[in-house]
Number of protein chains: 2
Amino acid sequence: MASKGMTTAAFFVLTALADQPRHGYGILREVEELSDGAVQLRVGTLYGVLDRLTADGMIVLDREEVHDGRLRRYYRLTDEGAQALDAEAERMAAGASAAKQRIAEGRKAPGAAANPTTGPGLAGGLA
Amino acid sequence: MASKGMTTAAFFVLTALADQPRHGYGILREVEELSDGAVQLRVGTLYGVLDRLTADGMIVLDREEVHDGRLRRYYRLTDEGAQALDAEAERMAAGASAAKQRIAEGRKAPGAAANPTTGPGLAGGLA
DNA sequence: CGATATATATCGGTTGCCGATATATCCTGG
DNA sequence: CCAGGATATATCGGCAACCGATATATATCG
């Protein structure tokens, strides 16, 4: 499936490519920008991720251009990649929501929870 | 710091411990339950994560109990762990939100985005 | 008595991130 | 004019982390 278990680096590369095709170095800058500087994708990480995502059919080489004598290799999201990104975003939102809810519960009752059986958790969050 | 870069496994272990102390095997079941079966934490992964989180001061050994001749080792979130979990949940929510927005943008204008300069992205999401 | 569930823990293989390094061009500052 | 930084690509080796397999031990069920 490849739809399960996506690394943070892969997630942000896909996100950077979600609105338009970009080249490697551009992805680096874009990821830092869209995460407000919180995520700094490393050069050494990028190309491994790019190769893996290409092999998994999540992205494809869109085109190659030359600017000022420097090659730019543009990558683009595939439909499968967009789908996987969407699913991963859903999972992340659900996980974040579940975590926040449980933190609130723990603060209300520090030592014993009201109803541990699944609780309000999420469960209906994705599905 | 340890506040940056948390693995998925660590995140879900902290989430499982957010409302009440649990023991290893209980965490395994709880993570699967709270993620609606989407995340299956492996036994081989668990103890490594537990040791790492303990070393980082995110969790502590709460108590040890014996049930039916079987030892149960309960772990509990520290204040630092709760704080880190909260911060990570925030980051995940922001990332998920940014991804969804960009997917929507890509569908509206497939080939050229309206305003690539940072865009509405998030930027104000965290901070 | 064997299988399954509970509950702990370790080990080795594989995957994946990251720092360092290499190559090449363009621009700016001294 | 040359050193340094930004742009832009790519590779390699070390290290961290996930996961399957395996081991040990007890209780229950068939």
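Would you say B:THR8 is surrounded by 16 or more Cβ atoms within 10 Å (Cβ to Cβ) and in contact with a helix residue (DSSP H, G or I) (Cβ under 7 Å, 6 or more places away or on another chain)? When the stated conditions are applied, B:THR8 does not pass them.
For residues that are open to solvent by less than 20 Å² (accessible area, probe 1.4 Å), more than 8 Å from every other protein chain (Cβ to nearest Cβ) and within 13 Å of DNA strand D (Cβ to nearest atom), scanning just segment B:27-43, find the one that is farthest from B:ARG73 (Cα to Cα).
If we filter segment B:27-43 for residues that are open to solvent by less than 20 Å² (accessible area, probe 1.4 Å), which is where we start, we get B:27, B:30-31, B:34-35.
So of that shortlist, the ones also more than 8 Å from every other protein chain (Cβ to nearest Cβ) come out as B:27, B:30-31.
Among the residues that remain, those that are also within 13 Å of DNA strand D (Cβ to nearest atom) are: B:27, B:31.
Values: B:ILE27: 11, B:VAL31: 17 Å.
It comes out as B:VAL31.
Candidates are the residues of segment A:55-68 that are open to solvent by less than 60 Å² (accessible area, probe 1.4 Å) and within 15 Å of DNA strand C (Cβ to nearest atom); the one that is farthest from the other protein chains (Cβ to nearest Cβ) is A:GLY57.
The conditions of being within 15 Å of DNA strand C (Cβ to nearest atom) and over 30 Å from B:GLN40 (Cα atoms) are met by A:TYR25.
Pairs linking a residue in segment A:69-86 that is away from DNA strand C (no atom under 16 Å from the Cβ) to a residue that is open to solvent by 70 Å² or more (accessible area, probe 1.4 Å), with Cβ atoms under 8 Å and 6 or more positions apart or on different chains, are A:TYR74/A:LEU61; A:TYR74/A:ARG63; A:TYR74/A:GLU64; A:ARG76/A:LEU61; A:ASP86/B:LYS100. Of all residues in segment A:34-54, those that are over 17 Å from B:ALA99 (Cβ atoms) have Cβ atoms under 6 Å from Cβ atoms of residues that are more than 11 Å from DNA strand D (Cβ to nearest atom) and open to solvent by less than 60 Å² (accessible area, probe 1.4 Å), 6 or more apart or on another chain, in A:THR45/A:ALA9.
What is the residue count in segment A:55-64 for residues that are among the charged types (D, E, K, R) and without any contact (Cβ under 8 Å) to a residue 40 or more places away in the chain? I'd like the intermediate steps shown before the answer.
Filtering segment A:55-64 for residues among the charged types (D, E, K, R) gives A:56, A:62-64.
Then keep just the ones that are without any contact (Cβ under 8 Å) to a residue 40 or more places away in the chain; that gives A:64.
Here the count works out to 1.
Of the residues screened, A:LEU85 is one that is closer than 22 Å to B:THR7 by Cα, modelled with pLDDT of 95 or more and within 14 Å of another protein chain (Cβ to nearest Cβ). Just one residue in the set A:VAL66, A:VAL39, A:VAL43 is at pLDDT below 95, farther than 22 Å from B:VAL39 by Cα and touching a helix residue (DSSP H, G or I) at 6+ places or on another chain (Cβ under 6 Å); that residue is A:VAL39.
The values are calculated or read from the model by the stated rules, or taken from the named source; none is laboratory data. Remember, it's a predicted structure, so these values are computed and weren't measured experimentally. Note that each Cβ is placed from the backbone with ideal geometry, even for glycine, and that neighbours are counted across all protein chains shown. Heavy atoms of the whole protein, side chains included, go into the accessibility calculation; ligands, DNA and RNA do not. Shrake-Rupley method; radii C 1.70, N 1.55, O 1.52, S 1.80 Å.
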